[in-house]
Each structure stands twice: as structure tokens, then as C-alpha cells.
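The values are calculated or read from the model by the stated rules, or taken from the named source; none is laboratory data. Everything numeric in this text was worked out from a predicted model, so none of it was measured. Cβ coordinates were reconstructed from backbone atoms using ideal geometry, including for glycine residues, and neighbour counts include every protein chain displayed.
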Amino acid sequence: MREAATLAGQSITAFVEESAVARAESVIAEYQTMTLTPDEFSRFVEALDEAPVAVPELVELFSRPSRIPNA
């Protein structure tokens, strides 16, 4: 690890942290992937093509003034 960190121009801590984060992202992505049958995929695409439906609570929420100051 020391040699690899040196070659990468990083501290051992930064190298290990970066490696751990990359592995964590890989594992999470693996478990977040879903596989659909052709029929399920067709139904999914049809649902995406449907007209959007307004959710009154969200319409009200987004009509409120922002509480985050402009930067």
C-alpha cells in the first residue's frame, strides 16, 4: 500500500480512503441494479411515457419561498 500510495502521489491514509470509497460505491451499485424481464421493461417504459400527475403537497411545497439564501 505504501508503494502504491507513493506512486499515486497520495498519503497512505488518502490512498486507503479513496480505495475504500471506490469499493463501497461498487458494492452499492451492484445491489442497486435491478433486472427486468422484457414484459416488466415494457411496462416500465409505458409508465415513463404516461403524463405526469401533479401531487398537491409537492406543488404547495415548491411554491413556498426558498429558505436557502442565494450565494
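General remarks:
- Pairs where the first residue, in segment 37-62, is surrounded by 10 or more Cβ atoms within 10 Å (Cβ to Cβ) and the second is among the hydrophobic types (A, V, I, L, M, F, W, C), C-beta under 8 Å, 6+ apart: PHE44/LEU36
- Taken as a whole, the structure places ALA4 among residues that are at pLDDT below 95 and surrounded by 10 or more Cβ atoms within 10 Å (Cβ to Cβ).
- Subset of segment 28-43 [part of a helix (DSSP H, G or I) and either of a type in the set (Ser, Thr, Tyr) or at pLDDT 95 or above (or both)]: TYR31, PRO38, ASP39, GLU40, PHE41, SER42, ARG43
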